[in-house]
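The values are calculated or read from the model by the stated rules, or taken from the named source; none is laboratory data. Because the structure is predicted, anything quoted here is derived from the model rather than measured. Positions of Cβ are generated from backbone atoms using ideal geometry, with glycine treated the same way; all protein chains shown enter the neighbour counts. Remember, those area values only see protein heavy atoms, side chains included, never the ligands or the DNA or RNA. Shrake-Rupley method; radii C 1.70, N 1.55, O 1.52, S 1.80 Å.
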Amino acid sequence: MPGPLAGVRVLELARILAGPWAGQVLADLGADVIKVERSKTGDDTRAWGPPFIEGTDGNLGAAYFHATNRGKRSIECDFESEDGKRIVRKLAAKSDILIENFKVGGLAKFGLDYKSLAPSCPRLIYCSVTGFGQDGPNAARAGYDLMAQGIGGFMALTGTPDGEPTRAGVPVSDIFTGVYSVIGILAALQRRERTGQGGYVDTALVDSTVGVLANQAMNYLASGEVPQRIGNAHPNIVPYQVFPTSDGYVVLSIANDPTFKRFCESFGLGHLLADSRFAANAARVENRQLVIDTLTPVMKTRTTAEWVDRLEALKIGCGPINTLRDVFADPQARARGVIVHMPHAATAKGVDVLANPVRLSGTPPDYRLPPPLLGQHTDEVLSERLSFDDVKLAALRENGVI
């Protein structure tokens, strides 16, 4: 069944993660995404392994590449050459959306920046993904996820009080920027429906990182106090953290006073409710260490599974700390179909990828194409979009353009 964006054409001049993540989400929603890659090497992440996806005739590229490029068609094109630039301009003219993640001004020398394309492509929605945005004193700097997590304040909030600032276990700055890019693109599409005009979408890794600081940013803006690293605890709720059990760890999420009362009464801690330091959440936040020290010995008296069973029965938020093996074996994850198996022409085994987490009635995510081989669709796309014949394609290939 066609996705909600069926018929929307996307040209992706992006590599690594943030830009390709946006392209992949649009592809999942049904858009026709053409990924333009450098000749011979392609997207950097094709080489970011091990592990690699094994094919019939060698590896198909790093697993990393396959995490963010399903649903796309790949063409190889040297757009530093005049013929290559002309090809990309023509493809842009036949596209609804263009996504790029070059440094600020990096595509101007090729005549592929928004200012150069907009006059001849007035309906084009052009999304630029950079480290710091299109203006400001840092605009010209390169940007990477780890830098953005540090500069954007995320690492200062993550980790234990006596440890070093810590990045998240996945590249959250890149991923959030990809998601925010999609939001901007969809908003621009809606505006185009009303006005007939395309537009420019400017997203940045650091902006997106700051944008998801959420309650921690407001804690600072409201109080003037700089939030500190507190490990797996919550700055505004106690107890809401990881506790050790007799055989591992459990997440305990008590988000309000009635739930804390139910917890205490169920596990022999009713006397705490008469203590003003425990009775209300604000007091528990003020006496955080006392609360933790009081509950930790109790939490160590049962296994993780026992706690989950007991707490679930009481409708108290809890859960184990799963490894990825646990995640993908979990009955809930399996019921939700978090893994999608995609046939692949270059391997009899096919490829497993993560499902898009959005569930839509009537127009489910579109998993029609597995992550592409480098240049797999060059001839197909140039014939279909630009009406190049075999002679033209052969000449371009002879000259190293494609």
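Here are some notes:
- Heavy-atom accessible area with a 1.4 Å probe sorts VAL391, VAL338, VAL291, largest first, into VAL391, VAL338, VAL291.
- Per-pair calculated FRET efficiency, R0 = 25 Å: THR195 and ALA93 via Cβ, rounded to 0.05: 0.80
- Cβ-derived FRET efficiency at R0 51 Å, MET218 paired with ASP44, nearest 0.05: 0.90
- Between the stretch 266-344 and the stretch 147-208, the alpha-carbon centres lie 29 Å apart.
- For the pair VAL285 and ASP309 in one chain, pulling the backbone fully straight at 0.36 nm per residue adds 6.0 nm over the alpha carbon distance.
- In a fully extended conformation the segment linking ASN399 and THR323 would gain 22.4 nm over its present Cα-Cα distance, using 0.36 nm per residue.
- Shape analysis of the stretch 324-402 places it in the prolate category; the axes a ≥ b ≥ c from the Cα gyration tensor give an a/c of at least 1.5, with a/b above b/c.
- Cα-centred dipole magnitude for the chain, charges only on beta-carbon of K, R (+1) and D, E (-1), debye, nearest 20: 640 debye
- Entries of LYS40/LYS72; LYS72/LYS94; LYS261/LYS315; LYS72/LYS103; LYS72/LYS115 with Cα pairs more than 21 Å apart: LYS72/LYS103; LYS72/LYS115
- Annotation: per residue accessible area for the stretch 146-185 equals 48 Å², rounded to a whole number [probe 1.4 Å, protein chains only].
- Global form of the stretch 180-329, assessed from the alpha-carbon gyration tensor, a/c cut-off 1.5: prolate
- The stretch 1-137: C-alpha gyration tensor shape, a/c 1.5 cut-off, then a/b vs b/c: prolate
- Within the accessible surface of the chain, defined with a 1.4 Å probe on protein heavy atoms only, the carbon and sulfur portion equals 55 percent.
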